1. Could you give the length gained on full extension between Lys120 and Asn216, defined as 0.36 nm per residue of separation minus the Cα-Cα distance, in nm?
2. Could you work out [θ]222 nm for the chain from helices alone, using -39500 (n - 2.57) per DSSP H run of at least four and dividing by all its residues? Round to the nearest 500 deg cm²/dmol.
3. Rank Gly204, Gly19, Val185 by how far each Cα sits towards the positive end of the charge dipole of the chain (+1 on Lys, Arg Cβ; -1 on Asp, Glu Cβ) and give me just the farthest.
4. How many nm separate the modelled label positions at Leu277 and Glu173, each set 7 Å beyond the Cα in the direction of the Cβ?
5. What's the magnitude of the charge dipole for region 1-218 around its Cα centre, counting Lys and Arg as +1 and Asp and Glu as -1 at the beta-carbon? Answer in Debye, nearest 20.
6. Want the number for Leu154 to Leu135: 0.36 nm per residue separation, take away the alpha-carbon distance, what's left?
7. Taking every pair of alpha-carbon atoms in the chain, what share in percent sits in each 5 Å bin, from 0 to the bin with the longest distance?
8. Going by average Cβ neighbours within 10 Å, how do the peptides 20-26, 257-263, 153-159 rank, with the highest at the top?
Amino acid sequence: MLDFVQQLVSGVALGCVYGLIALGFVLVYKATEVVNFAQGDLMMLGGFFAFTFIGMMGLNYWVGFAGAVAAMALFGMLAERIVVRPILGYPQFSIIMATIGLGYFLRSVAGMIWGTDDFKIDTPFSQGVLRIGSLVLAYDKLSVIAATMILCTLLWLFFNKTTLGTAMRASSENMLAAYYMGIPVKRVVSIVWAISAAVATCAGVLLAPITFIHSNVGLVLGLKAFPAAVLGGFGSIPGAVVGGVLIGVIESMAGFYLPEGWKDVAPYIVLLAVLLLKPEGLFGLHARKKV
């Protein structure tokens, strides 16, 4: 039973990271109907920024965290302006290839600047553990779960209780109608990309105590986060987080209880099973169409 609880907490913590990356996929897709396949690499770059500020420059953890989030928010706006906006309106395949190319570019630049070694960020939660009888839970995993809950709450408040958040939701529902109503759609899209990059950075920093940061970590985790977004219902913000947690828990349990090799396969088997029964995902809003 203790092993089950520990694996459950580990899976939820890892799933929270998947969920935050998937949240970036969903935010960009809802605003622009573009699937940003560089989302995982934005997480990787944000992690490296945090490592530079905290590990190399010696800044306080929270100051370095905030600096990395701010830097990546600006980078997200820049990426949208340079890479995506000029080709909006072109076939979706062109935009998808542009984001894939952006991912390759970011991995190459990260490899040239920081090298191919693995890096870890020391956090205030890296060493401590919570003991409940015989149960031992690491603070770093609990901190990831708590931070994800706080971040999701802040995003919910932002999108539902602020004027800018309302404008973003209006743009995601109907961009042309929002434009005619006087909403600065281009600016809103840039801000959505900034928020997406900032959320990805939070995922990268939260990931650091659990695993290492390296130039290919974004590609690996992006391939896990994208199915999480699909599982939750692509376009659903709560679904992205729930899908990420489910993928993380399934992966953790499969790695502990099933034979070697099932850890990476089990989440995709569950994803296929869910999509066969509910093609729109767990939280999808579109009804199944009969052909």
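The values are calculated or read from the model by the stated rules, or taken from the named source; none is laboratory data. Since we're looking at a predicted model, the values are computed, not measured. Don't worry about glycine lacking a Cβ; one is built from the backbone with ideal geometry, like all the others, and counts go over all protein chains shown. Ligands, DNA and RNA are excluded from the accessible area calculation, which covers all protein heavy atoms including side chains. Shrake-Rupley method; radii C 1.70, N 1.55, O 1.52, S 1.80 Å.
1. Details: separation 96, 0.36 × 96 = 34.56 nm, distance 1.43 nm.
Going from the current span to full extension adds 33.1 nm.
2. Mean residue ellipticity, 222 nm, calculated: -23500 deg cm²/dmol.
3. About the Cα centre, the residue reaching furthest to the positive side is Val185.
4. Going by the 7 Å Cα→Cβ label model, 3.2 nm.
5. Using only the charged Cβ atoms, the result is roughly 500 debye.
6. Roughly 3.7 nm would be gained on extension.
7. 1, 6, 11, 16, 18, 17, 14, 9, 5, 2, 1, 0, 0
8. 20-26, 153-159, 257-263
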